[in-house]
Amino acid sequence: LGPAIRYAEQGFPADRRMLLGLRFRRKAAEASPAFMAIFYPDGAAISEGAVVRQPDLAATLRLIAEQGPSGFYSGPLADRLVDGVRAAGGIWTRDDLRAYRVVEREPIAFEYRGVRIVSAPPPSSGGVAMANIFNILSNFDLQDIAGADRSHLIIEAMRRAYRDRAQYLGDSDFVDVPVALLTHPFYARGQATSIRADVATPSESLPGIWPAGQKGTNTTHFSVLDEEGNRVASTNTINTWYGSAFMPPGTGVILNNEMDDFSIKPGVPNGFELIGARANAVEAGKRPLSSMSPTFLESERGVAILGTPGGSRIITMVLRSALAWINGASAADMVAMKRFHHQYFPDTVEYETGAFEADEVARLTEMGHTLRESRRPFGNMNVVTWDFGNGRVDAASDPRGLVEGRVY
């Protein structure tokens, strides 16, 4: 925790991306005087380049460094957290914090074209959704298909996997998630037969839920490889910009707004426009469904460690970078490639500027896809690759995360 403590004590310069988030969360932040004191001194948002110091957070991190998890989940810090939440109208109790436990689960592992892919299990949807997509794509020879026709097949596989995400996925401690079915090649083969090579499938024509009638970027990913070959792909989130924008006084801790990742009710979209069913309904002690997809790629060629922020688009970003690595891409290629995304609902292909050529846009539109060019790039991928043949290790951070030559 040493580096984090130093940043909290000594501060860091505010950048444009940070200020964008603060503008977005201003109204919510007004309910938290402690948050306002750090990020809106004198009632105005901090300026670009201003040094942000967080002494309460530094004290909290030092306590955790000295006492471990018990320093956070019980004792004086826990009291301050609970008291701050309850004073603002929340319902936390000390027992809630004391009873919290990390749960370790078996990852999702599957193969595609001789590459073993390992990713996150429920309540993350990443591993199941990617297994579903890769298994669908294995029914097509993508190596011999290019341009809009290739993108069309990938979009159709995304569409079906996100439909299954909405219908079936949740916390497997509370609901029976059919992981074996959703990750089985036979199931994917059936899905592949419903894909036409020349026409988009309207999402509303697929069986299952459909809406009865917004996007966050406050997720962090890092990839690590040490000299002994141990590796970590770690994705952490507080959901949208600055989480709930609420800070219990005296703690420096910004609370998340992960409740948004539950289904409010079947067919009602959340802040990422994702819809869900009863499998992801709110229950006490239940963990919300996530899109986080920290991933390992393993083959005779070597290893790749990857992941990214991006809300509902995380899965498709990791998917397409994995496809690129399987085809020989470098770490730098993986993080820089232009991205596109489909998530069943809304029935729209969102894409970064440059992801499609003009003729590809025309062709996909002719097939029946609705395309929407994103006003901003999305994601902040971090990748480490290890080539077994020459022993070379490469690491690359997403150029979208660069601010004046620095990576934040």
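Of all residue pairs spaced 6 or more apart or on separate chains, those with beta-carbon atoms under 7 Å, a first member in the range 38-67 that is within 19 Å of P13 (Cα to Cα) and a second member that is exposed (fewer than 13 other Cβ atoms within 10 Å of the Cβ) and of a type in the set (D, E, K, R) are A45/R23; E48/R16. In this structure, S124 does not qualify as of a type in the set (S, T, Y) and surrounded by fewer than 23 Cβ atoms within 10 Å (Cβ to Cβ). Can you find, within the range 24-60, the residue that is modelled with the highest pLDDT among those that are under 15 Å from F246 (Cα atoms) and among the charged types (D, E, K, R)? Per the stated criteria, the residue is D56. Checking each residue in the range 372-397 for being open to solvent by less than 40 Å² (accessible area, probe 1.4 Å) and either over 28 Å from A358 (Cα atoms) or not hydroxyl-bearing (S, T, Y) (or both) picks out F378, G379, N380, M381, N382, V383, V384, T385, A396.
For the range 295-307, how many residues are open to solvent by 30 Å² or more (accessible area, probe 1.4 Å) and within 30 Å of I264 (Cα to Cα)? Total satisfying the criteria: 0. Summed over the range 274-294, residues that are within 23 Å of E106 (Cα to Cα) and open to solvent by less than 20 Å² (accessible area, probe 1.4 Å) total 7. Between R26, R6, the distinction of being within 27 Å of R376 (Cβ to Cβ) and among the basic types (K, R) belongs to R26 only. Just one residue in the set V82, V51, V115 is open to solvent by 40 Å² or more (accessible area, probe 1.4 Å) and hydrophobic (A, V, I, L, M, F, W, C); that residue is V51. The set of residues from the range 334-357 being surrounded by fewer than 17 Cβ atoms within 10 Å (Cβ to Cβ) and among the charged types (D, E, K, R) comprises K338, E357. Of the helices (runs of 4 or more DSSP H) entirely within the range 1-110, those holding at least 3 residues that are closer than 28 Å to G285 by Cα and among the hydrophobic types (A, V, I, L, M, F, W, C) occupy 55-67, 75-87. Across the range 1-19, a minimum of one residue is classified as more than 28 Å from the chain's Cα centre (by Cα) and either over 19 Å from N256 (Cβ atoms) or hydrophobic (A, V, I, L, M, F, W, C) (or both). Taking the criterion of being open to solvent by less than 50 Å² (accessible area, probe 1.4 Å) and part of a strand (DSSP E or B), the residues of the range 224-257 that qualify are L225, A233, S234, T235, T237.
The values are calculated or read from the model by the stated rules, or taken from the named source; none is laboratory data. All values derive from a computational prediction rather than experimental measurement. All Cβ positions, even for glycine, are placed from backbone atoms using ideal geometry, and neighbour counts span all protein chains on display. All accessible areas refer to the heavy atoms of the entire protein, side chains included, with ligands and DNA or RNA removed. Shrake-Rupley method; radii C 1.70, N 1.55, O 1.52, S 1.80 Å.
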